[in-house]
Amino acid sequence: MGRLPRRAFAVAALATLSGFGTAGDAAAAQDTAAPHRSAAAPRAMRGMWLATASNRDWPSRTGLSPALQRAELLAHLDTAVRLRLNAVFLQVRPAADALWPSPYEPWSRYLTGVQGGDPGWDPLGTAVREAHARGLELHAWFNPYRVSGQPDPGRLAPSHPARLHPDWTVRYGGKLYYNPGLPPVRTFVRAAMLDAVRRYPVDGVHWDDYFYPYPVRGERFDDDAAYAEHGAGFPGRAAWRRHNIDRLVLEMAAGIRKARPGVRFGISPFGVWRNASTDPLGSPTRAGVETYDDLYADTRKWVRERWVDYICPQLYWNIGFAAADYAQLLPWWARVARGTGVQLYAGEALYKAGDPAQPAAWQDPAELSRHLALARSQPEVRGHVFFAASEARADRIGAMARVVADHYRQPAKPPL
């Protein structure tokens with residue numbers, strides 16, 4: 001068994017999305033991931049996120065020459081090689097824009113400083129080619145619904161789809177989002193992302209944790225008109241919103257399989273699906289955000305139903321953190337993934353290591369290494385992805401060096 005059977009199951013599930021059954025355990029058991037119990041395991045994900053939104057990791061600032069942008073990008077890839085990583089998750093659609101010559105959306109302003117400004121080269125094409133030349137996988141990281149960090153469609157590039165279709169958008173929390181409840185929006189964002197999959201031999205399609213936006217106190221996401229038009233037959237707005245996100249996940253999985261069979265589809269959600277106090281199936285946490293209830297993302301369902309190839313929850317807390325203990329969340333996710341064949345990677349908060357604003361545990365260079373040691377007892381955990389590239393390069397207290405010394409002494413290939 002491999003990736004295609006799970007993807008084929010997702011295609012079939014499109015016809016029965018309104019149901020709430022579970023995938024057959026016998027079929028899933030044939031695709032159960034093998035354990036990785038030593039640093040020398042031949043297959044384990046060792047990834048690094050490379051964020052472009054707000055020029056967080058790359059480019060270091062807008063308006064650099066193509067040569068300097070390219071040099072910075074290659075330096076990040078070289079950092080991944082030096083740290084014995086094997087995959088880079090490059091953010092190529094940070095805000096309804098593109099880091100490739102897309103016919104759907106304008107060039108990202110994080111390249112030139114002007115949305116729609118041609119940077120004079122093809123960052124995604126270069127990243128794929130240069131990553132592969134270094135033995136790295138390149139996963140294209142997209143954000144489906146975020147449009148802008150400001151709320152006015154009139155300030156977008158003249159050709160921007162959200163400016164041409166302001167009725168597709170919702171202003172919320174001082175920002176602008178596409179409305180997930182509108183079928184034309186879902187069709188459009190899927191097509192925009194699949195354009196990159198068709199053009200480039202990427203190894204994976206990756207989404208992060210933004211679906212419906214994180215709650216903003218005192219504000220409401222105004223999708224009244226969309227709900228009135230499309231919400232009939234659902235027990236309430238929350239169920240309808242989750243259905244909208246479910247549809248996008250399933251339709252994207254089917255689109256990837258058609259566009260480039262074998263490309264893996266994975267999602268990196270916020271680390272808490274639901275607290276056990278909300279749902280007995282939930283994790284032993286007291287998180288203030290629950291993806292099921294607040295982002296309308298049923299992340300547990302996507303794994304149990306095998307709609308994705310991998311799940312990479314953002315487990316951005318230290319061991320012993322009271323509200324969300326890494327040592328309790330990781331086994332919870334392992335139980336969710338068990339028997340599904342969906343690979344589980346742990347999203348690691350490298351950015352917290354050495355940050356003086358973080359708890360004492362994050363001042364210890366060994367904290368992240370302890371995460372990887374703990375994961376050895378969970379055979380469903382097939383690797384780790386570190387946020388993010390700037391911290392991997394700077395490694396301010398040597399936490400990443402400790403991970404390499406303790407766990408990455410030998411190279412490893414990504415899981416199949």
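Looking at (1) modelled with pLDDT of 95 or more; (2) in a loop (DSSP other than H, G, I, E, B); (3) closer than 30 Å to HIS384 by Cβ, find the lone condition where ARG37 falls short. Only one criterion in (1) modelled with pLDDT of 95 or more; (2) in a loop (DSSP other than H, G, I, E, B); (3) closer than 30 Å to HIS384 by Cβ is unmet by ARG37, namely (1). Among the residues of the stretch 90-139, how many are out of contact with any Phe, Trp or Tyr (no Cβ under 6 Å at 6 or more places or on another chain), on the phi > 0 side of the Ramachandran plot and of a type outside the set (A, V, I, L, M)? Count: 3.
Could you check the stretch 179-201 and list, in sequence order, the residues that are farther than 16 Å from ALA254 by Cα and not hydroxyl-bearing (Ser, Thr, Tyr)?
The first filter runs over the stretch 179-201 and keeps only residues farther than 16 Å from ALA254 by Cα, leaving 179-185, 199-201.
Hits for the stretch 179-201 are ASN179, PRO180, GLY181, LEU182, PRO183, PRO184, VAL185, ARG199, PRO201.
Is there a residue in the stretch 377-395 that is over 27 Å from TRP141 (Cα atoms) and touching a helix residue (DSSP H, G or I) at 6+ places or on another chain (Cβ under 9 Å)? Checked against the condition, which is being over 27 Å from TRP141 (Cα atoms) and touching a helix residue (DSSP H, G or I) at 6+ places or on another chain (Cβ under 9 Å), the stretch 377-395 yields at least one hit.
Identify all residues within the stretch 202-236 that are open to solvent by 40 Å² or more (accessible area, probe 1.4 Å), farther than 23 Å from TRP307 by Cβ and not β-branched (Val, Ile, Thr); write none if there are none. The answer is PRO215, ARG217, GLY218, GLU219, ARG220, ASP222, ASP224, ALA225, TYR227, ALA228, GLU229, ALA232. Tell me, which residue of the stretch 57-86 that is under 21 Å from the mean Cα position of the chain (by Cα) and not in a helix (DSSP H, G or I) is surrounded by the fewest Cβ atoms within 10 Å (Cβ to Cβ)? Among those that are under 21 Å from the mean Cα position of the chain (by Cα) and not in a helix (DSSP H, G or I), it is PRO59.
Being of a type in the set (A, V, I, L, M) and in contact with a Gly (Cβ under 9 Å, 6 or more places away or on another chain) holds for only one residue in ALA226, ALA253, and it is ALA226. Residues in the stretch 266-324 that are touching a helix residue (DSSP H, G or I) at 6+ places or on another chain (Cβ under 7 Å) and small (Gly, Ala, Ser): GLY271, SER283, ALA297, GLY320. Flag not set for TRP100, criterion: buried (at least 17 other Cβ atoms within 10 Å of the Cβ) and assigned to a strand (DSSP E or B).
The rows are residues; the columns are (1) among the hydroxyl-bearing types (Ser, Thr, Tyr); (2) out of contact with any strand residue (DSSP E or B) (no Cβ under 7 Å at 6 or more places or on another chain); (3) more than 23 Å from TRP332 (Cβ to Cβ).
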{"position": "ARG376", "(1), (2), (3)": "no, yes, no"}
{"position": "GLU380", "(1), (2), (3)": "no, no, no"}
{"position": "GLY383", "(1), (2), (3)": "no, no, no"}
{"position": "ALA392", "(1), (2), (3)": "no, no, yes"}
{"position": "ILE397", "(1), (2), (3)": "no, yes, yes"}
{"position": "ALA405", "(1), (2), (3)": "no, yes, yes"}
{"position": "PRO411", "(1), (2), (3)": "no, yes, yes"}
{"position": "LEU416", "(1), (2), (3)": "no, no, yes"}
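Can we say PRO119 is modelled with pLDDT of 95 or more, out of contact with any Pro (no Cβ under 7 Å at 6 or more places or on another chain) and in a loop (DSSP other than H, G, I, E, B)? Outline the logic, then answer.
Working: modelled with pLDDT of 95 or more: yes; out of contact with any Pro (no Cβ under 7 Å at 6 or more places or on another chain): no; in a loop (DSSP other than H, G, I, E, B): yes.
For PRO119, the condition - modelled with pLDDT of 95 or more, out of contact with any Pro (no Cβ under 7 Å at 6 or more places or on another chain) and in a loop (DSSP other than H, G, I, E, B) - is not met.
Within the stretch 40-56, the residues that satisfy the criterion of being assigned to a loop (DSSP other than H, G, I, E, B) and modelled with pLDDT under 95 are ALA40, ALA41, PRO42. Taking ALA346, is it in contact with a His (Cβ under 9 Å, 6 or more places away or on another chain), within 19 Å of GLY271 (Cα to Cα) and of a type in the set (Gly, Ala, Ser)? Yes: the conditions hold for ALA346. Considering ALA276, ALA287, ALA239, the condition of being open to solvent by 40 Å² or more (accessible area, probe 1.4 Å) and of a type in the set (A, V, I, L, M, F, W, C) is satisfied by ALA276 alone. Whenever a residue of the stretch 86-112 is without any contact (Cβ under 8 Å) to a residue 60 or more places away in the chain and of a type in the set (Lys, Arg), its partners that are surrounded by fewer than 24 Cβ atoms within 10 Å (Cβ to Cβ) and in a loop (DSSP other than H, G, I, E, B), lying with C-beta atoms within less than 6 angstrom and at least six residues away or across chains, give the pairs ARG109/GLN115.
The values are calculated or read from the model by the stated rules, or taken from the named source; none is laboratory data. Not measured: the values here are computed from a predicted model. Methodologically, a virtual Cβ is constructed for each residue, glycine included, from the backbone with ideal geometry; neighbour enumeration extends over all protein chains shown. SASA here: full protein model, heavy atoms, side chains in, ligands and nucleic acids out. Shrake-Rupley method; radii C 1.70, N 1.55, O 1.52, S 1.80 Å.
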